[in-house]
Amino acid sequence: MHNPGHRFQAQERFADGAQYIGGRLGKGTSERAHTVVDPATGDDVYTYQLAGRDDVDAAVAAAAAAFPEWSGRTPGERSDALHRFAAVLAEQADEFAWAESLQCGKPIKLTREFDVPGTIDNAAFFAGAARQLAGQSAGEYSADHTSYVRREPIGVVGSIAPWNYPLQMAAWKVLPAIAAGNTIVLKPAELTPLTSLMFAEAAAEAGIPDGVVNIITGAGPEAGEHLVGHPGVAMTSFTGSTGVGKRVAEIATATVKRLHLELGGKAPFVVFDDADLEAAIQGAVAGSLINTGQDCTAATRAYVQRPLYDAFIAGVADLMAGVRLGDPFDRATDLGPLVSYAQRDRVAAFVERARGYARVVTGGEIPGGDLSSGAFYRPTLIADAPQDSEIVQAEIFGPVLVVVPFDTDDEGLRLANDTPYGLAASAWTRDVFRAHRATREIKAGCVWVNDHIPIISEMPHGGFKASGFGKDMSVYSFEEYTQVKHVMFDNTAVARKDWHRTIFGDR
Ligand code: NAD
């Protein structure tokens, strides 16, 4: 298959290299190169030299040098810069959508209508939030003192992002950090550096000073670990798998850094017997296939109360079978490829192993014909899998939905909570009491009722349990990138304070 639709020439655009340090692009100092591949066609898109430790050191130094001036600006000045940033992103929206679709294989419908507008809205949100840091009011909490709280930026933030939503992840990391006055070094995934580099260039175009946003594109164990352990970095913010997150936590803890982890997910989708069945079927297909299932909040485990079980399976299988796979640049395409052949093969291996203990209702195959040169995989529905099986418990990160029946509400909610993860979940019911119970009892950072997937700049995104801690988006994430300082003034102007009696007694 050929992608005639894309007009993004990555090799020319980033001919100078893929390291954006102190406002300039340069070549990486690692001995290894990496080639970005279009997963829809297998064509090479961009070959670049990976970042070495020296690039990380240079990026941290550039961020540290930019910190005093940037953190010294008023909130209003930072807000103005972020408003201009949002405007530049909006002007370049088409180019961002092409580049994101090209490097990830995402349908252009998705990048145009979700990834890119979401990113512009995030920039606008944090432009507003920059002026709205709230704190406890100043006051005489002790009769002899006046206290107030300062929220201060932390310093240089080191962030690491995954490949599934490269642009949005760059936005979620960079925007709250710089809105609060920090400077940042971001490492995108090696597979998908293009839109993070464009994002940093757009920041510069908006007048955000050189060194405030730096991008190093390197391998996890080499550049990533060096960034996390770097003594010049005050905070690590990581989004990725739980396994790598544990390693990142070890290194960050050893160097006593502030830590923010957004990790894996295995979202349950709980359908009670009074649910609108058609809405649940539509929601399950859209919620499990978004971004070809490579979404940490995707619907992955549908628990369906017994009376609706068979009809739900039939409806989902039918709708999945009509999903159109194809060229991501064709607006008629519903589902693009996986991000890479390795990811496609990993997903296929999960499904092959599941055949031994469960029923593959639809999908479960690598398509041939025109699609055979890309990393495509058919939408897949699996039924009759035991709760403790791999396909129910592990994060697959592909277009695969597993459906499991339940009898009582207690059982449905217990099963929903029965994985190590706790990122997102949904409950489908027309009964307000059931809905409230589900939102209370499901242990996840987000619970939708009668929908699954929507996110919004004003609301927090982040996990419970093995899905991590800390929030992206919203004022909660803004606060994560600040540290709280208590300032206390003596009001008495006497040398021997009242509390000194605890030292001097009654002398
Ligand atoms: P990954 O954990 O393999 O990689 C994530 C990032 O970490 C990449 O930039 C990678 O280069 C880097 N990395 C790898 N090894 C490292 C190391 N030893 N030290 C430092 N950095 C290292 O994840 P992925 O495969 O890129 O992305 C998919 C995962 O991300 C899924 O588990 C998904 O659930 C998760 N995710 C979570 C959220 C969330 O908000 N919770 C959002 C998106 C993706």
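Checking the condition more than 27 Å from the chain's Cα centre (by Cα) and not small (G, A, S), which residue from R353, R331, R344, R378 passes?
Values: R331 fails: more than 27 Å from the chain's Cα centre (by Cα); R344 fails: more than 27 Å from the chain's Cα centre (by Cα); R378 fails: more than 27 Å from the chain's Cα centre (by Cα).
Exactly one residue qualifies, and that residue is R353.
Restricting attention to region 9-28, which residues are of a type outside the set (G, A, S) and surrounded by fewer than 19 Cβ atoms within 10 Å (Cβ to Cβ)?
Across region 9-28, the qualifying residues are Q9, Q11, E12, R13, D16, R24, L25, K27.
Whether any residue in region 175-194 is open to solvent by 10 Å² or more (accessible area, probe 1.4 Å), in contact (Cβ under 8 Å) with a residue 40 or more places away in the chain and either more than 16 Å from the ligand (Cβ to nearest atom) or in a strand (DSSP E or B) (or both) is what I want to check.
No, that holds for no residue.
Only one residue in G211, G232, G207, G224 is part of a loop (DSSP other than H, G, I, E, B), in contact with a Lys or Arg (Cβ under 9 Å, 6 or more places away or on another chain) and in the same structural domain as D54 (by TED's automatic domain parsing), so which one is that?
That would be G207, the only listed residue that is part of a loop (DSSP other than H, G, I, E, B), in contact with a Lys or Arg (Cβ under 9 Å, 6 or more places away or on another chain) and in the same structural domain as D54 (by TED's automatic domain parsing).
Restrict the check to region 347-369 and report whether at least one residue is within 16 Å of the ligand (Cβ to nearest atom), open to solvent by 60 Å² or more (accessible area, probe 1.4 Å) and over 18 Å from T111 (Cα atoms).
Looking for residues that are within 16 Å of the ligand (Cβ to nearest atom), open to solvent by 60 Å² or more (accessible area, probe 1.4 Å) and over 18 Å from T111 (Cα atoms), one finds none in region 347-369, hence no.
Kindly provide the set of residues from region 397-414 that are open to solvent by 10 Å² or more (accessible area, probe 1.4 Å) and over 26 Å from A435 (Cα atoms), ordered by number.
Passing the criteria: only F397.
If you take the residues of region 144-164 that are more than 6 Å from the ligand (Cβ to nearest atom) and assigned to a loop (DSSP other than H, G, I, E, B), which of them is farthest from F96 (Cα to Cα)?
D144
Can you list residue pairs whose Cβ atoms sit under 7 Å apart, with the first residue in region 212-229 being more than 17 Å from P193 (Cβ to Cβ) and the second being of a type in the set (V, I, T) and within 8 Å of the ligand (Cβ to nearest atom)? Count only pairs 6 or more apart in sequence or on different chains.
That search, which allows pairs on different chains as well, returns E225/I251; V228/V248; V228/I251; G229/I251.
Just to check your reading of the model, which residue among D472, D418 is surrounded by fewer than 18 Cβ atoms within 10 Å (Cβ to Cβ) and closer than 30 Å to S237 by Cβ?
Only one candidate passes the filter, namely D418.
If the requirement is being within 12 Å of the ligand (Cβ to nearest atom) and touching a helix residue (DSSP H, G or I) at 6+ places or on another chain (Cβ under 6 Å), which of these qualifies: T217, T236, T242?
Numbers: T217 fails: touching a helix residue (DSSP H, G or I) at 6+ places or on another chain (Cβ under 6 Å); T242 fails: touching a helix residue (DSSP H, G or I) at 6+ places or on another chain (Cβ under 6 Å).
The unique qualifying residue is T236.
Can you tell me how many residues in region 426-438 are under 24 Å from the mean Cα position of the chain (by Cα) and over 11 Å from V270 (Cβ atoms)? Write out each step before concluding.
Of region 426-438, the ones under 24 Å from the mean Cα position of the chain (by Cα) are 426-427.
From what's left, over 11 Å from V270 (Cβ atoms): none.
The number of residues fulfilling the criteria is 0.
Would a scan of region 432-446 turn up a residue that is touching a strand residue (DSSP E or B) at 6+ places or on another chain (Cβ under 6 Å), away from the ligand (no atom under 16 Å from the Cβ), open to solvent by 40 Å² or more (accessible area, probe 1.4 Å) and not acidic (D, E)?
Yes, the conditions are met somewhere in region 432-446.
Which of the residues spanning region 85-110 are without any contact (Cβ under 8 Å) to a residue 24 or more places away in the chain and open to solvent by less than 10 Å² (accessible area, probe 1.4 Å)?
Filtering region 85-110 down to residues without any contact (Cβ under 8 Å) to a residue 24 or more places away in the chain leaves 91, 94, 97.
A97 - this is the single residue of region 85-110 that is without any contact (Cβ under 8 Å) to a residue 24 or more places away in the chain and open to solvent by less than 10 Å² (accessible area, probe 1.4 Å).
Determine which single condition K471 fails, assuming it passes every other condition in (1) away from the ligand (no atom under 16 Å from the Cβ); (2) more than 28 Å from Q305 (Cβ to Cβ); (3) in contact (Cβ under 8 Å) with a residue 12 or more places away in the chain.
Here K471 clears every test but (1).
Check region 60-75 and report whether any residue there is in the same structural domain as N214 (by TED's automatic domain parsing) and among the charged types (D, E, K, R).
Within region 60-75, one or more residues are in the same structural domain as N214 (by TED's automatic domain parsing) and among the charged types (D, E, K, R).
For region 253-275, state whether one or more residues are free of Cβ contacts under 8 Å to residues at least 12 places away in the same chain, within 16 Å of the ligand (Cβ to nearest atom) and in the same structural domain as V233 (by TED's automatic domain parsing).
So far as region 253-275 goes, yes, one or more of its residues are free of Cβ contacts under 8 Å to residues at least 12 places away in the same chain, within 16 Å of the ligand (Cβ to nearest atom) and in the same structural domain as V233 (by TED's automatic domain parsing).
So Y303 ticks every box in (1) assigned to a loop (DSSP other than H, G, I, E, B); (2) crowded, with 20+ Cβ neighbours inside 10 Å but one. Which box is left unticked?
Failing condition for Y303: (1).
Kindly evaluate L259 against the criterion of being modelled with pLDDT of 95 or more, within 17 Å of the chain's Cα centre (by Cα), open to solvent by 20 Å² or more (accessible area, probe 1.4 Å) and not β-branched (V, I, T).
Working: modelled with pLDDT of 95 or more: yes; within 17 Å of the chain's Cα centre (by Cα): yes; open to solvent by 20 Å² or more (accessible area, probe 1.4 Å): yes; not β-branched (V, I, T): yes.
Judged against the criteria, L259 is a match.
The values are calculated or read from the model by the stated rules, or taken from the named source; none is laboratory data. Just so it is clear, the structure is predicted and the values come from calculations on it, not from any experiment. Note: ideal-geometry Cβ built from the backbone for every residue, glycine included; neighbour counts use all protein chains shown. Just so you know, the surface numbers come from the protein's heavy atoms only, side chains and all, with ligands and any DNA or RNA stripped out. Shrake-Rupley method; radii C 1.70, N 1.55, O 1.52, S 1.80 Å.
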